[in-house]
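Report on the following structure.
Derivation of every value follows stated rules applied to the coordinates shown; laboratory data play no part. These numbers were taken from a predicted model, which means no experiment stands behind them. Note that we place each Cβ from the backbone using ideal geometry, even for glycine, and neighbour counts take in every protein chain shown.
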Amino acid sequence: MCRAVLLLVVFSLSCPAAEALDNGLALTPTMGWLHWERFMCNINCDKDPDNCISEKLYMQMADVMVKEGWKDAGYEYVCIDDCWPSHDRDAKGRLQADPRRFPGGIKKLADYVHSKGLKLGIYGDVGKNTCAGYPGSLGYYEVDAQTFADWGVDLLKFDGCYMNWTLLGEGYVNMSKALNKTGKSILYSCEWPLYEWPYQKVSDEHKEYLFRYNSLPDETIRLMLCYIKEHFCTSSFPVAGPGGWNDPDMLVIGNFGLSHDQQESQMALWAIMAAPLLMSNDLRNICPRSKKLLQNKLIIDISQDSLGKQGSLTGKFDSFEIWERPLSEKRLAAAVLNKQEIGGPRGFVIRAIPGWKMCDPKCNVTQILPEYKEMGVQTPKSNIVLSVNPSGTALLTITPLSSDFTEMYKLRWEDLSVKQKHATIL
Ligand SMILES: *[C@@H]1O[C@H](CO)[C@@H](O)[C@H](O)[C@H]1NC(C)=O
Ligand SMILES: *[C@@H]1O[C@H](CO)[C@@H](O)[C@H](O)[C@H]1NC(C)=O
Ligand SMILES: *[C@@H]1O[C@H](CO)[C@@H](O)[C@H](O)[C@H]1NC(C)=O
Ligand SMILES: *[C@@H]1O[C@H](CO)[C@@H](O)[C@H](O)[C@H]1NC(C)=O
């Protein structure tokens, strides 16, 4: 059961409702690193100095991000999650970092991260306390927004714990206004708890703010195999696009929980969904195969595609799901996910070329996952034969090779979907 699933919002703070475009932030899905899923609320710096939530952790991550190609690949934000503050506000009512774990303070940390050409994200909560029990921002929205701005923070993840649900939307809007009032552009990432949905329908007024989904750490694989199926397709918001994105939460590639096939599935689906690519792993010690996957330029190009359209589930055949995302230059990305977790690799033939009108008269197909393979020029009569491991994904891009395709593209892109009659399971 997807009990721990929350719904979050990411949007640039200039947005009064639908206008999430005009402060130049989040034009493509956010890329970076966030501590939570890997380091959680580890504050034991005496016993575990290398992995506790302290300024050293973010400085080391920033160093590695520059040295080992992460920054060049596009990962830009180094984000602090819960458990950074002191339990007490200062004499002026401002949040302060835990002085033992952040002796230099957040401003200095932000300066350090900026000196590396990266950006710093911080965490707060719309309610009385953060989820881990640190001071929340309720009653202090303007003070906290100004504090974050003064420190030079570039992104705020704003959680939804310890808040009267009926006031949640109002709180998020108020913080958005408070951030705007500081005059500093800060990417705003806020949360709507999905488990509240059965009790309280999201009002129309707040719909535009609902961009980000979240789930807790150990739920990620179920999030892929269950949550996406149960919730994402039926309730994803059409508002995703440049300025704000639906977010099914952190990438846990490189950690302990996922097989390599599952890691490939997460990467492929997050790219198709135009989801933020916020890694939560230990970049100081990551296996080369996971690193290569996270830095795969062709997948990142899909994620960051300038058309800015979110993909969606377009077909289901037995244990397979087809996901498609329209890309710029009239291209299409398609992922074929094999949700069967047992057995061996399953063959899947797309007799879908007639469904992909971009392949009439010809298209060029490239497989990116599980391995790079140029499948070459295809026609409406072609079959594309894939082999997909259990819980793995094949990821393709399809490029039209016809100058007449402009007309076709005016069709609703759902019309380009793989249709049942065009697929066969071997
Ligand atoms: C939550 O807020 C509403 C609206 O202000 C109020 O009527 C209700 O009593 C509050 N509930 C709690 C538990 O504080
Ligand atoms: C939001 O701001 C309005 C207007 O200042 C205020 O009346 C309301 O109490 C605030 N709500 C919350 C949850 O802070
Ligand atoms: C504040 O909001 C206004 C109106 O939406 C917008 O034009 C402006 O860019 C925003 N300022 C910042 C710093 O985001
Ligand atoms: C098909 O795509 C591959 C990979 O991008 C490229 O190398 C090749 O030249 C393309 N072929 C045609 C006919 O466009």
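Tabulate in residue order the Karplus-calculated ³J(HN,Hα) for the stretch 366-380, using 6.51 cos²θ - 1.76 cosθ + 1.60 with θ = phi - 60°, rounded to whole Hz; enter x for Gly and Pro.
Listing the rounded values in order: 10, 8, 9, 10, x, 8, 5, 8, 7, 8, x, 6, 10, 10, x Hz.
Non-local amide H neighbours of residue 35 (under 5 Å, H modeled in plane, Pro and chain starts lacking H): which ones?
Amide H neighbours of residue 35, under 5 Å, 5+ apart: 79, 81.
Output ³J(HN,Hα) for the stretch 146-157: one whole-Hz value per residue in order, computed from phi by the Karplus curve 6.51 cos²θ - 1.76 cosθ + 1.60 with θ = phi - 60°, and x for Gly and Pro.
Listing the rounded values in order: 5, 4, 4, 5, 4, 6, x, 5, 10, 8, 10, 8 Hz.
In nm, give the distance between the simple-model label positions of residue 309 and residue 329, each being 7 Å from the Cα along the Cα-to-Cβ direction.
Roughly 1.6 nm, to one decimal.
Rounded to the nearest 20 Debye, what is the dipole magnitude of the stretch 39-183 about its Cα centre when Lys and Arg each give +1 and Asp and Glu each give -1 at the C-beta? Write out the running numbers ahead of the final one.
Details: 17 positive and 21 negative charges, 59 e Å.
Rounded to the nearest 20 debye, it is 280 debye.
What are the ³J(HN,Hα) couplings of the stretch 169-174, residue after residue, when phi is run through the Karplus curve with 6.51, -1.76, 1.60 and θ = phi - 60°? Round to Hz, x for glycine and proline.
For the stretch 169-174, the Karplus-derived couplings read x, 4, x, 5, 5, 4 Hz, x marking Gly and Pro.
Show me 324-337, 101-114 ranked by packing, highest mean number of other Cβ atoms within 10 Å first. Don't skip to the end; give the middle numbers.
Working: 324-337: 21.2, 101-114: 18.1.
Most protected by this proxy first, the peptides run 324-337, 101-114.
When ranked by the protection proxy of mean other Cβ atoms within 10 Å per residue, highest first, what sequence do the peptides 304-313, 391-400 form?
Numbers: 304-313: 18.0, 391-400: 23.7.
Per-residue Cβ counts within 10 Å, averaged per peptide and sorted highest first, yield 391-400, 304-313.
Skipping prolines and chain starts, which residues have an amide H placed within reach, meaning under 5 Å, of the one on residue 316, given they are 5 or more residues away or on another chain?
Those lying under 5 Å, H to H, from residue 316 are 322.
Which far-off residues, 5 or more places away or on another chain, put their amide H under 5 Å from the one on residue 43, with H placed in the peptide plane?
Correct list: 53.
Return the Cα extents of the stretch 262-357 along principal axes one, two and three, sorted largest first, each rounded to a whole Å.
That works out to 46, 38, 16 Å along the principal axes.
Taking only Cα atoms of the stretch 310-359, what ratio of Rg to Rh do you get with Rh as the Kirkwood inverse-distance radius? Show your work: numbers first, answer last.
Numbers: Rg = 12.3 Å, Rh = 12.1 Å.
Computed over Cα atoms, the ratio is 1.01.
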